[in-house]
Amino acid sequence: MDIPFISLDLALMTALLERWHPETHSFHLGLGEWTVTLQDVEVILGVPVDGLPIVGSTEQDWDKLCQELLGLTPRAGVSRTGGKVKLSWLRTHFKGHLKAGRFRGFRTPLLVVLAMGLDNSTQLGSACLAGLYHFICHGSKKNNNDVGGCFILLQLWAWEWFPYFAPGPVGKRVRPPDAPLGARSLLVKTLANPSHFAINLTLAALGLGDVQWAEELVPHR
């Protein structure tokens, strides 16, 4: 992946969560129901959606799995909690040792571990989308204050389809050859986007003319 670090627009994410209907797994917007699809995952992130499904038990010997995939065992309760490995631990032990470009864009420790054990014959994109749906459903529930999942996908999806919410021309760069669509986003650490209230009003008033029907939104191979 060749997608740079991008700060999440919390106002935009919150507004979308408030418009999520778990019954249909879609956002209820002013122009109808919209959702993130497998094609969006493939085009925006460039991860495979074809191949073998990711199935199996989540009950693992995590020390053994980390030793097998990483060659090291993070200390339980300190550098590892359940199946989660601290990013600070990974940076300390693997700085400069990963192949250039192989893990660029992976900011979640669990995705790093998964990526080291999977290849392009596995439906990593399907797992990514299923996880995003799960966490959006969880985050949309009343009184929930925390949420996880690949929200960078949701943000890039909103930027591509509804350019009103994107940083603008300064937030775009020339997409590297053979890179996914999301790679054209510039390094964005701070965002000066509209408030949560303004975003809600815009989502409610969206029309077909506000949608970016980009030719680039075709499957990335």
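The values are calculated or read from the model by the stated rules, or taken from the named source; none is laboratory data. Computed from a prediction, not measured in an experiment: that's the story for all the values here. No Cβ is skipped: glycine too gets one built from the backbone with ideal geometry, and neighbour counts run over all protein chains shown.
Things worth noting here:
- Test: residue in segment 151-161 that is under 16 Å from the mean Cα position of the chain (by Cα), surrounded by fewer than 21 Cβ atoms within 10 Å (Cβ to Cβ) and small (Gly, Ala, Ser): no
- Of the numbered criteria (1) modelled with pLDDT of 80 or more; (2) touching a helix residue (DSSP H, G or I) at 6+ places or on another chain (Cβ under 8 Å), the one residue 172 fails is (1).
- Against the test of being within 21 Å of residue 60 (Cβ to Cβ), modelled with pLDDT of 85 or more and in the same structural domain as residue 18 (by TED's automatic domain parsing), the options 151, 162, 135 yield a single qualifying residue, 135.
- Of everything listed in (1) modelled with pLDDT under 85; (2) assigned to a helix (DSSP H, G or I), the single unmet condition for residue 17 is (1).
- The lone exception for residue 2 - which of (1) modelled with pLDDT of 90 or more; (2) in a loop (DSSP other than H, G, I, E, B) it fails: (1)
- When residue 96 is tested against (1) under 24 Å from residue 147 (Cα atoms); (2) of a type outside the set (Asp, Glu); (3) assigned to a loop (DSSP other than H, G, I, E, B); (4) modelled with pLDDT under 80, just one condition goes unmet, and that condition is (1).
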